[in-house]
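J.: Structure provided below as structure tokens; questions to follow.
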Amino acid sequence: MPKTLFFSFCLFCMAGLFASDNRSHTSEIDDMHEKISDWIYTTSNSIDIFFSGSDKEIPSKKESYLDTSFDTYAESYRPLRYRFNVSLRLRLPRTERKLNLVLEDFKNTSSVDLPNSGALADTLRNNDYLLGIQYRRHESKYTRIRYGTGIRFRRYTPDPYLLLYLGKSYYFSKSWELLLSNKLRYFADYRLDNRAEASIIKVINERLRFSYRNIYRFIENDNDRNEIINTVSLEQFISPKTGLCYSISIYSSGDSGSVFKLGYYYAGLRLRHYYYRHWAYYQVEGGTILREENNFKPAGRVAFKVGLVFGKE
């Protein structure tokens, strides 16, 4: 326990180190970030040339990026937990203007209990990853259609999949939006994973946004598990680098061997701040969770995230 607490404290102290006024220190950090971002752009460009068979220069924005972060979770009645997150998007404009190469960690639940580890050394090994190609068949302000294919890596076992995403927005004024979407993945081994969402979003003003999100998810591989999560949230944009989110969530689930039942209530506040430039950030979240397994006894929950974005998100 002391080692894990010390490691978490070191992550928190990174904010102070990155925010240092020492010019040589910040210059080294900027150089490191620029080199990694350039490597992402170069890799994206090389893959694009390989698939398209053309090295013709084309005017395009550099929109490939890598977002990587590390989470620490602390909750009453539970030990500390850790999670590593990664999301990579490579744009391939020569191959097809709307083609993306995607690498991301796979989340096998829509609840707050994402796959995590009790030991720091296990955070990378315990995650599953998706590597795939997505084609944005149609994308506008109102409609989004994407499909693609890829491979899910569970440890060293590959599991190919097909993807279909449909999204539609309805606007009832300049400030009200109804968003309907469905993301379906079908894996060779993991089978069907379907996530549907119906959300109401209202832009109150340029700094406040209200949303009521309703998510349903069916996971065939996990004993035909069904999940429903309803979330009411208010997002407050304090500045270009800082934002707050107040939220209340209710989670329910059930499978073929159990009755569909309420899992937890959660109310919390989340703060994200880009403490260095627009690519180094931390996120702090605190709240109260009432779980069915504890007879809905209130428990404190705190999460801390440190993240870096390379390239242009």
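J.: Rounded to the nearest 0.05, what FRET efficiency do S76 and E34 have when you use their Cβ-Cβ distance and R0 = 45 Å?
T.: 0.55
J.: Now a separate question. To the nearest 0.05, how large is the calculated FRET efficiency for V232 and R137 if R₀ is 22 Å and r is the Cβ-Cβ distance?
T.: 0.10
J.: If you plug each phi of segment 185-191 into the Karplus form 6.51 cos²θ - 1.76 cosθ + 1.60 with θ = phi - 60°, what whole-Hz ³J(HN,Hα) values come out, in order, with x for Gly and Pro?
T.: Using θ = phi - 60°, the values come out as 10, 10, 9, 5, 9, 6, 6 Hz.
J.: Shifting gears a bit: Multiplying the sequence separation of K174 and S256 by 0.36 nm and subtracting their Cα-Cα distance, what value in nm do you get?
T.: Full extension from K174 to S256 adds 25.2 nm.
J.: I've got another one for you. Step through the residues of segment 298-311 one at a time and calculate ³J(HN,Hα) from phi using the Karplus curve (6.51 cos²θ - 1.76 cosθ + 1.60, θ = phi - 60°), rounding each to whole Hz and writing x for Gly and Pro.
T.: Couplings: x, 9, x, 9, 10, 9, 10, 10, 10, x, 9, 10, 10, x Hz.
J.: In debye to the nearest 20, how big a dipole does segment 229-313 give about its Cα centre with +1 on each Lys and Arg Cβ and -1 on each Asp and Glu Cβ?
T.: 320
J.: By the gyration tensor of its Cα atoms, with a ≥ b ≥ c the square roots of the eigenvalues, what is the shape of the chain: rounded for a/c under 1.5, prolate for a/b over b/c, or oblate?
T.: Note, shape of the chain comes out rounded.
J.: Could you work out what % of the accessible surface of the chain is carbon and sulfur, using a 1.4 angstrom probe and leaving DNA, RNA and ligands out of the count?
T.: 59
J.: Next up: Between H278 and S181, what is the FRET efficiency for a Förster distance of 30 Å, r being their Cβ-Cβ separation, to the nearest 0.05?
T.: Calculated value: 0.60.
J.: What's the extension gain from D189 to Y265 if we count 0.36 nm per residue and subtract their Cα-Cα distance?
T.: Gain on stretching D189 to Y265: 24.1 nm.
J.: Moving on. Give, in nm to one decimal, the length gained when the segment between N221 and R154 is fully stretched (0.36 nm per residue of separation minus the Cα-Cα distance).
T.: Extra length available between N221 and R154 comes to 22.8 nm.
J.: Whole number in Å², please: accessible area per residue of segment 97-228, 1.4 Å probe, ligands, DNA and RNA not counted.
T.: That works out to 56 Å² for each residue.
J.: In whole Hz, with x marking every Gly and Pro, tabulate ³J(HN,Hα) for segment 75-82 from phi via Karplus 6.51 cos²θ - 1.76 cosθ + 1.60, θ = phi - 60°.
T.: 9, 4, 6, 9, x, 4, 10, 9
J.: Positive end of the dipole of the chain, charges at C-beta (+1 Lys, Arg; -1 Asp, Glu), about the Cα centre: which of S247, P79, N116 has its Cα farthest in that direction?
T.: Result: S247.
J.: Placing +1 at every Lys and Arg Cβ and -1 at every Asp and Glu Cβ, with all other atoms neutral, what dipole size does the chain have around its Cα centre, in debye to the nearest 20?
T.: 720
The values are calculated or read from the model by the stated rules, or taken from the named source; none is laboratory data. As the structure is a computational prediction, the values presented were derived from the model and not from experiment. Cβ: placed from backbone, ideal geometry, glycine included. Neighbour counts: every protein chain shown. Surface accessibility is based on the protein's heavy atoms, side chains included, excluding ligands, DNA and RNA. Shrake-Rupley method; radii C 1.70, N 1.55, O 1.52, S 1.80 Å.
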